[in-house]
1. Can you list residue pairs whose Cβ atoms sit under 8 Å apart, with the first residue in the stretch 108-121 being under 16 Å from P48 (Cα atoms) and the second being part of a loop (DSSP other than H, G, I, E, B) and hydroxyl-bearing (S, T, Y)? Count only pairs 6 or more apart in sequence or on different chains.
2. For the stretch 82-102, name all the residues that are part of a loop (DSSP other than H, G, I, E, B) and free of Cβ contacts under 8 Å to residues at least 40 places away in the same chain.
3. Only one of these conditions is not met by S138: (1) modelled with pLDDT of 65 or more; (2) buried (at least 20 other Cβ atoms within 10 Å of the Cβ). Which number is it?
Amino acid sequence: MNAQTIMVVDDDLMVRRLLERFLTNGGYRVVVAASGFGLSGRVRENQPDLLLLDVNMPGLRGDAALSVLQQLGQRFNSLDVPVVFHSGMDASELEHLARRHGAAGFLRKPAGREQLLQLVDSVLDQASSKVDSHEPRSHADARG
């Protein structure tokens with residue numbers, strides 16, 4: 001069985017490397033990107049099972065990139081991939097943003113390896129069972 005692919009989009013090189021290491025060591029295939037520009041093409045090309053998307057990036061914020069991705073997905077009936085927002089912003093603000101944009105989950109920076117892997121595993125399990133939930137999951141939800 002092939003490893004599931006996680007696409008990490010973050011403008012901070014150190015964060016990308018850390019997330020890539022955590023996810024790779026957790027058994028995932030990881031594709032990284034430094035910005036939200038061209039995201040739809042990268043998603044089509046790499047066909048990730050989950051998109052881990054930084055919110056606060058210069059130029060094109062993660063939530064704006066997700067909106068474009070969702071519009072293209074509706075237009076072309078494709079690009080259906082669960083999204084987890086990650087950011088250093090206040091947890092309640094991040095949760096609100098995740099709900100507003102239909103993200104599958106959210107994770108505050110800095111997140112530990114276990115928090116990250118629990119949330120990713122949970123979101124992927126939910127996606128594979130096709131259970132429709134309107135509540136974004138946080139790393140705290142993934143523990144129980």
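The values are calculated or read from the model by the stated rules, or taken from the named source; none is laboratory data. These numbers come from a predicted model, not from an experiment. Cβ coordinates were reconstructed from backbone atoms using ideal geometry, including for glycine residues, and neighbour counts include every protein chain displayed.
1. From the stretch 108-121, the pairs are V120/Y28.
2. Of the stretch 82-102, the ones part of a loop (DSSP other than H, G, I, E, B) are 82, 88-90, 102.
Residues satisfying the conditions are G88, M89, D90, G102.
3. Tallying (1) modelled with pLDDT of 65 or more; (2) buried (at least 20 other Cβ atoms within 10 Å of the Cβ), S138 fails exactly one: (1).
Condition check ((1) at pLDDT below 85; (2) in contact with a strand residue (DSSP E or B) (Cβ under 7 Å, 6 or more places away or on another chain)) across all residues:
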{"site": "L19", "(1), (2)": "no, yes"}
{"site": "G36", "(1), (2)": "yes, yes"}
{"site": "D49", "(1), (2)": "no, yes"}
{"site": "G59", "(1), (2)": "yes, no"}
{"site": "N77", "(1), (2)": "yes, no"}
{"site": "F85", "(1), (2)": "no, yes"}
{"site": "K109", "(1), (2)": "no, yes"}
